[in-house]
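Written out below as structure tokens is the structure these notes cover.
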Amino acid sequence: MPELPEVQGYKVYIDSTILHKKITLMDCRDKKLLKQPFGDFEKHLLGEQLTGTQRIGKYLFVETTGDKVLVMHFGMTGRPTYYKEADDRPKFGHIVLTFENDFHFAFENKRKFGWWNLIDSIADYKEEHGLSDDARDLKFEEFKKSLSSRKTDIKKVLLDQSVAAGVGNWMADEILYQAKIHPEKKIENMTEEDIKNVFDAMKKVIEVAIENDAHYDSFPEDFLMHFREKDGTCFHTGGKIEKIKVGGRATYFSPQWQEK
């Protein structure tokens, strides 16, 4: 599933390809991917231009010259593609915008968990959906405050988008591995130093992932992603990686490195 680093890459891609071009046509092969009627998208997008993007966690907000903001969520397998020839439309490009330069933008969505929406205000949407500031922009005091009333496992909290918008499953595992914190460690048993270590690890993982365009093979050799599998070998201890469920999510950790 695209998480914060992947969606940041999509933001950069969109910023460099489809902004400031008049939209002349929209096609959607599956209207279930639209949170509003197709006619509303035509009304608010055709003849308009996309002018800028803002990412909060896994949500990408695209501002327009009209009175609506386009929201993209990439679901499990979504990604953007900009192309010239109509015949080059990707197989799973279920939503396509065409621009006045005759280029096209496809929202690829193989498993159809991604979607588009139209909203009036990014700030209102953020508040209504309980999103924290983007994890990349989050300040330590805000992060610490969000944890102060929690009495559950640290991994569950990291996956809560009201705490650290954009952190998903692989990122949470990596953050806790880098911080040497067991994923089932209870918040009430964590010291301020523990919380600061998790926060610093979160910032580190985000920046490393973005710098490497979320290409896991390019991550530093001590990153869990290189051996994030049951019975993988921990870089630090040589012990085996274990797999458990935390909050219903598959969780990988090194019990010798990440003690409770």
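Summary of values
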read-out	value
Reach of Lys112 by Cα under 15 Å, taken over aspartates and glutamates that are not fewer than 8 positions away in the same chain	Asp30
Over the chain, equivalent-ellipsoid semi-axes from the Cα gyration tensor in Å	37, 20, 15
Peptides 164-171, 106-113, 15-22 ordered by average Cβ neighbours within 10 Å, highest first	164-171, 106-113, 15-22
Amide H partners (placed H, <5 Å) of Asp134, local residues excluded	Gly57
J(HN,Hα) series, the range 92-100, from Karplus relation 6.51 cos²θ - 1.76 cosθ + 1.60, nearest Hz, glycine and proline x	9, x, 6, 10, 9, 9, 10, 10, 5
Equivalent ellipsoid semi-axes, the range 205-247, via Cα gyration tensor eigenvalues times 5, rooted, Å	21, 13, 8
Cα pair distances exceeding 18 angstrom across the range 3-84, given as percent	43
Nonlocal amide H pairs with Glu108, under 5 Å, H built at 1.01 Å	Arg79, Thr81
For the chain, built as a Gaussian network whose Cα springs stay under 10 Å, the top-fluctuating residue of Val69, Val205, Val246	Val246
Whole-number D in µm² s⁻¹ for the range 138-178, Kirkwood Cα-pair radius fed into Stokes-Einstein, 20 °C, 1.002 mPa s	205
Qualifying lysines (Cα of each under 19 Å from Cα of Lys126; at least 8 residues distant if same chain)	Lys11, Lys35, Lys58, Lys68, Lys139, Lys145
MRE, 222 nm, helices only [DSSP H, n ≥ 4, -39500 (n - 2.57), over the chain, to nearest 500]	-8000 deg cm²/dmol
Principal axis dimensions, largest first and in whole angstrom, of the range 1-142 by Cα	51, 30, 28
Separation in nanometres of the label points that stand 7 Å from Cα toward Cβ, at Lys180 and Lys230	2.9
Candidate aspartates and glutamates - alpha carbon under 20 Å from Lys151, same-chain residues fewer than 8 apart omitted	Glu141, Glu142, Asp160, Asp173, Glu184, Glu188, Glu192, Glu193, Asp194, Glu259
The range 81-194 - Rg (one decimal) and Dmax (whole number), Cα, Å	19.7, 58
Per residue Cα convex hull volume in Å³ - calculated over the range 96-161	162
Descending semi-axes in Å of the range 54-99, equivalent ellipsoid built from Cα gyration tensor	22, 16, 8
Reduced Cα scattering model of the range 140-223, Debye log10 I(q)/I(0), q = 0.13, 0.17 Å⁻¹	-0.37, -0.63
Vicinal HN-Hα couplings computed from phi for the range 28-42 (Karplus, 6.51 cos²θ - 1.76 cosθ + 1.60; Hz; Gly/Pro x)	9, 7, 9, 5, 5, 7, 9, 7, 10, x, 4, x, 5, 5, 4
Hull shadow area, averaged, the range 182-260 [alpha-carbon convex hull, nm²]	5.6
Shape parameters for the range 1-48, alpha-carbon atoms, Rg then Dmax in Å	13.2, 32
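Values quoted throughout were computed directly from the atomic coordinates according to the rules given, and no laboratory measurement underlies them. Predicted model, so just to flag it, every value in this text is computed and none were measured. Counting neighbours? That spans all protein chains shown, and the Cβs are built from the backbone with ideal geometry, glycine included.
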